[in-house]
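Peer 1: Mind looking over this structure? Questions follow.
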Amino acid sequence: MALLYTQEQREFIRMVQEFADQTLTPEVVSKYDHLGQCPVELFKPAFDMGLHMLEIPEEYGGAGLPYSTTAMVFSKLAEYDAGYAITLVSTFVALRSVMLAGSADQARRFADIIEPGAFAAFALSESDAGTDAGSVKSTATRDGDDYILTGEKTFITNGSIANVYVGIFRTADTGNKGLSAFMIERSREGISVGAHEDKMGLRLSDTSTVNFDHVRVPASNRLGDEGAGFKVAMNSLNLSRAFVATLAAGIMQRALDESVSYARIRSQFKRPIIRFEAVQEMLADMAIALETSQVLIHNTMTMMDQGNLVRKEGAMTKTYVTDALQRVVTDAVQVFGGYGVSKAYPVEKLMRDSKVFQIFEGTNQIQRVTIANELDKEYAGKEVGR
Amino acid sequence: MKVLVLVKGVVDPGPQPSLSEGRLTSGDVVLDHYGKYALEAGLQLAQDQDDQGSVTAASVGPDSETALRDALALGAQDAIEVKTDQENAGLADILAQAVNKEGPFDLVLCGDQATDDSQGVLPAQLAAALGWPLVDAVDALGFVGPRLCYTSLLDKGAVKGTVQLPAVVSVLDTINKPRLPSFRLKMAAKRYQIKEFQAESSQKDPLEKLEMEEVPASSKEVIMVDSVDDLIRALDQVGIRLKKE
């Protein structure tokens, strides 16, 4: 393990481990993975523990943990099931985005909805606006003291189970500067959800289309200024990118645990396969990928704790860790050989759960564009030479 | 109703513990396994009193603060750290001082034993020191009017009864399913000002009423063997025949 945990961090990790041992047993996870269904009722104990409000300040009903500790807790939870973990992460990231962009009153209203035990969702993507977030077509039209929201949001994590949304809508035809952000209570008339996506992985998480059909919200639900929506979305994505990397590290840890354990007991040619150099290389590379990922995540989370928006670092962390994840789970399946592709063994699911990590929260291709653009800005006017 | 729950900090049995200077250590101390069940029983009884009940946790010993903060994170409303210069000897008498002076309490709950020493003698010693009735090995608890009704799992079977409070009750780890701590309470527990109770030195020797009988170092009942084969033969001689696979 690369990270040196404080006693407090060990206590929190122990808490989530005890919770997951009771709630996310292999049988339960396997059942809902097979069904492709979000086990909403299994979130009650998570809400009771406050797992959906971990990094939220205490004045809003959260535990007030730093990002770095929150990341460790969610990485452990993702070892059990990353789909379950991302459902909770999406909830607090939505609230955090309200806290970053909105007023204290808006944050309080949003927190009051989810604190007793409810989900939240960030509704940005559309059928033609995924990685290109600035192409959002859904509109928010001013009508007196209200806005009328119309459009369809796709691939929304927690889409059908959320009690409150943060949505990005177009208020003017001025590109990125024509977008605005709103908090939208689920109880408002005109909101409907489409079919739940039958996904390859993260099958315990809900991913749905959400339709807004002339949904009326008061102007007091607008987060920040009109036209600030793109910035709200980007700040939220910076945060969520670092957190999806955290979940990816949890999957990696599980893949390594399963692979080393299996390689020690699986014998071929009268010796455990961990004694073969080809297998050793895979295991060592998996461990290197995990350790470097954990260190990178911890550094980025520490920067976030210090108030940095981690535009470049969040993108780097997400890209590095989720690319590394693909190699790790592929090798994990390889170590298991024929059993690796069997649903009776754990690594098959880990491989299915992993792929989307290179895609959501901005593809790893666009992350590299972001990183390069940030480098371009950093080096503008800088004299290089020794 | 005021409930006092005795809790203990023990070495975390999760990671592989190691021995250091004769003490079991693994770096982390956690709330004792049985103490969690006693605390949960207390919290449930307090809730059953239309939330008019209160639960206070008390602990003595070097790791008491950790145990008390864990108890607060689980829902105890108050915590008392009992300070003493004495170790083991007179512990029940010292805790009885805390019960009498920090109370009045209607009920003292504790685990049937602790996971580290598994002695299970403290509940009886404490009941004797307080002059209260003791109910041990309790698997179920509830109120019938002012009396506490219980089910104890004893060697002869389940025994149901009622007891007038105040009483000392020790519980088994089958009595309930302890709740998990909330992260918010955990953070609040870290800041909580734990009360300290300085006990006077106890002059009582808890073993004074026991008559010690010298046990001979060897006995005719004990047969020493050098090998598994010898063991099988010895068992065969007393009529125990092992079945060969």
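Peer 1: Quick check on the stretch B:117-124. Is at least one of its residues at pLDDT 90 or above and either assigned to a loop (DSSP other than H, G, I, E, B) or surrounded by fewer than 13 Cβ atoms within 10 Å (Cβ to Cβ) (or both)?
Peer 2: No, the conditions are met nowhere in the stretch B:117-124.
Peer 1: Turning to a different aspect of this structure: Which of (1) surrounded by fewer than 19 Cβ atoms within 10 Å (Cβ to Cβ); (2) out of contact with any Asp or Glu (no Cβ under 9 Å at 6 or more places or on another chain); (3) among the β-branched types (Val, Ile, Thr); (4) within 25 Å of A:Tyr84 (Cβ to Cβ) does A:Val341 not meet, given it meets every other one?
Peer 2: (2)
Peer 1: May I pose another question? How many residues, within the stretch B:51-106, are among the basic types (Lys, Arg) and crowded, with 20+ Cβ neighbours inside 10 Å?
Peer 2: 1
Peer 1: State which residue is nearest to B:Met187 (Cα to Cα) when the search covers only the stretch B:89-121 and only residues that are polar (S, T, N, Q) and in contact (Cβ under 8 Å) with a residue 60 or more places away in the chain. Let's see the steps before the verdict.
Peer 2: Going through the stretch B:89-121, the residues polar (S, T, N, Q) turn out to be B:97, B:100, B:113, B:115, B:118-119.
From what is left, the residues that are in contact (Cβ under 8 Å) with a residue 60 or more places away in the chain are B:97, B:113, B:115.
Details: B:Gln97: 30, B:Gln113: 29, B:Thr115: 26 Å.
Among residues in the stretch B:89-121 that are polar (S, T, N, Q) and in contact (Cβ under 8 Å) with a residue 60 or more places away in the chain, the one nearest to B:Met187 (Cα to Cα) is B:Thr115.
Peer 1: Select from the stretch A:76-130 the residues that are under 13 Å from the mean Cα position of the chain (by Cα) and β-branched (Val, Ile, Thr) and list them in ascending order.
Peer 2: A:Ile86, A:Thr87, A:Val89, A:Thr91, A:Val93
Peer 1: With the requirement that a residue be closer than 23 Å to A:Pro39 by Cβ and not β-branched (Val, Ile, Thr), what does the stretch A:144-193 give you?
Peer 2: Of everything in the stretch A:144-193, those that are closer than 23 Å to A:Pro39 by Cβ and not β-branched (Val, Ile, Thr) turn out to be A:Phe155, A:Asn158, A:Gly159, A:Ser160, A:Ala162, A:Asn163, A:Tyr165, A:Arg186, A:Ser192.
Peer 1: Anything in the stretch B:140-151 that is surrounded by fewer than 20 Cβ atoms within 10 Å (Cβ to Cβ) and either in contact (Cβ under 8 Å) with a residue 24 or more places away in the chain or assigned to a strand (DSSP E or B) (or both)? List them, or say none.
Peer 2: Within the stretch B:140-151, the subset surrounded by fewer than 20 Cβ atoms within 10 Å (Cβ to Cβ) is B:140, B:142-147, B:149, B:151.
Within the stretch B:140-151, B:Ala140, B:Gly142, B:Phe143, B:Val144, B:Arg147, B:Cys149, B:Thr151 meet the criteria.
Peer 1: Let me ask you something else. Considering each residue of the stretch A:211-236, count those that are in a loop (DSSP other than H, G, I, E, B) and exposed (fewer than 15 other Cβ atoms within 10 Å of the Cβ), and give that number. Working first, answer last.
Peer 2: Keep residues of the stretch A:211-236 that are in a loop (DSSP other than H, G, I, E, B), which gives A:224-228.
Going one step further and asking which of them are exposed (fewer than 15 other Cβ atoms within 10 Å of the Cβ), we end up with A:225.
Count: 1.
Peer 1: Filter the stretch A:190-210 for residues that are assigned to a strand (DSSP E or B) and in contact (Cβ under 8 Å) with a residue 60 or more places away in the chain; which is surrounded by the fewest Cβ atoms within 10 Å (Cβ to Cβ)?
Peer 2: A:His196
Peer 1: On to the next question. So A:Ala120 ticks every box in (1) closer than 25 Å to A:Asp305 by Cα; (2) assigned to a helix (DSSP H, G or I) but one. Which box is left unticked?
Peer 2: The number of the failed condition is (2).
Peer 1: Are any of the residues in the stretch A:118-139 within 14 Å of chain B (Cβ to nearest Cβ) and crowded, with 20+ Cβ neighbours inside 10 Å?
Peer 2: So in the stretch A:118-139, the residues within 14 Å of chain B (Cβ to nearest Cβ) come out as none.
No, the stretch A:118-139 contains no residue that is within 14 Å of chain B (Cβ to nearest Cβ) and crowded, with 20+ Cβ neighbours inside 10 Å.
Peer 1: Using beta carbons and a limit of 9 Å, which pairs, at least six apart or on different chains, have the first residue in the stretch A:5-18 and over 10 Å from A:Met72 (Cβ atoms) and not assigned by the TED database to the domain that holds A:Glu79 and the second one of a type in the set (Ser, Thr, Tyr) and at pLDDT below 95?
Peer 2: Here the result reads none, with nothing in the stretch A:5-18 linked to a residue that is of a type in the set (Ser, Thr, Tyr) and at pLDDT below 95.
Peer 1: Kindly provide the set of residues from the stretch A:44-72 that are hydrophobic (A, V, I, L, M, F, W, C) and either crowded, with 24+ Cβ neighbours inside 10 Å or within 7 Å of chain B (Cβ to nearest Cβ) (or both), ordered by number.
Peer 2: A:Met49, A:Leu51, A:Met53, A:Leu54, A:Ile56, A:Ala63, A:Leu65, A:Ala71, A:Met72
Peer 1: Report, by residue number, each residue of the stretch A:259-276 that is within 30 Å of A:Thr319 (Cβ to Cβ) and either of a type in the set (Val, Ile, Thr) or out of contact with any strand residue (DSSP E or B) (no Cβ under 8 Å at 6 or more places or on another chain) (or both).
Peer 2: Those that are within 30 Å of A:Thr319 (Cβ to Cβ) and either of a type in the set (Val, Ile, Thr) or out of contact with any strand residue (DSSP E or B) (no Cβ under 8 Å at 6 or more places or on another chain) (or both): A:Ser259, A:Val260, A:Ser261, A:Tyr262.
Peer 1: Related question: Please count how many residues of the stretch B:201-240 are at pLDDT 80 or above and among the charged types (D, E, K, R).
Peer 2: Here the count works out to 5.
Peer 1: Within the stretch A:15-35, work out how many residues are surrounded by 18 or more Cβ atoms within 10 Å (Cβ to Cβ), of a type outside the set (Asp, Glu) and more than 7 Å from chain B (Cβ to nearest Cβ).
Peer 2: Final tally of qualifying residues: 6.
The values are calculated or read from the model by the stated rules, or taken from the named source; none is laboratory data. Quantities reported herein were computed from a predicted structural model and do not represent experimental measurements. FYI the Cβ positions are ideal-geometry reconstructions off the backbone, even for glycines, and counts take in every protein chain you see.
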